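J.: Please see the structure below; I have some questions.
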């Protein structure tokens, strides 16, 4: 069987966006709106158990503050403010792709293996990251960018991967997903996609027993090793 598509998660997988990107942007949004919340690195690591920024704020209120300070409408407004700050951080070029990501993308393109993205982050976050790391035409590299609220249920639900597979017109056994978190792994495998994991500081101790392989980075990941997981040693 031949590998036909590599499906990337974004935050924590393609780039270390969480600690120095999303977390910082959340704190800037809180301060701008006069809210005395501050998410330090350790707290943010706990909050990452919940996927989606709006969902994360709701979880923080309910589980850490035991009260709903922000309404659903205010959470949406706060998230929009956070996205504004996050985009500014991306545009400074301070959040690069993880080492090895560009090489894997180049290998896939050379071998006519399709590329896609499956993420809970908003579309503008994805496209801005791609533009500032892969160039102005980077969106055309990916056949499908499944992002944000295009599905009702976010990871660990498999909905975003089902959506990507439908748009790609591919069966799950022809794809490999690359994730960094337990929630992402559960999402991809529930959709029937073999999944490898690249860990980071926030996720390295999570349960990845369902992963095909676990790596600390992208240096050992290439199209040959991915094809072997699919079932064909295809260089």
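J.: Report the Cα centroid-to-centroid distance between the stretch 142-166 and the stretch 18-82 in angstrom, as an integer.
T.: Going from one Cα centre to the other spans 23 Å.
J.: Using alpha carbons only, how many degrees (0 to 90, rounded to 10) separate the axis of helix 123-134 from the longest principal axis of the chain?
T.: 60
J.: What number in nm² do you get for the chain if you take the convex hull of its Cα atoms and divide its surface by four?
T.: 12.0
J.: While we're on this one: In degrees from 0 to 90, rounded to the nearest 10, what is the angle of the helix 23-32 Cα long axis to the longest principal axis of the chain?
T.: On a 0 to 90 degree scale, this one is about 30.
J.: Moving on. Treating the angle as unsigned and between 0 and 90°, give the value, to the nearest 10°, between the Cα long axis of helix 72-91 and the longest Cα principal axis of the chain.
T.: That helix lies at roughly 60 degrees to the long axis.
J.: Kirkwood Rh, the stretch 149-235, all Cα pairs: how many Å?
T.: 13.4
J.: How do the peptides 83-91, 112-120 rank, highest first, by the average count of neighbouring beta carbon atoms within 10 Å per residue?
T.: Answer by packing, highest mean first, reads 112-120, 83-91.
J.: So what's the back-of-envelope 222 nm ellipticity for the chain, counting only DSSP H runs of four-plus at -39500 (n - 2.57) apiece and dividing by all residues, rounded to 500?
T.: Rounded to the nearest 500, it is -12000 deg cm²/dmol.
Readers should treat all values here as calculations from the given coordinates under stated rules, not as data from a laboratory. A quick note: this is a predicted structure, and the numbers were derived from the prediction, not measured. Cβ atoms come from the backbone with ideal geometry, glycine included; neighbour counts cover every protein chain shown.
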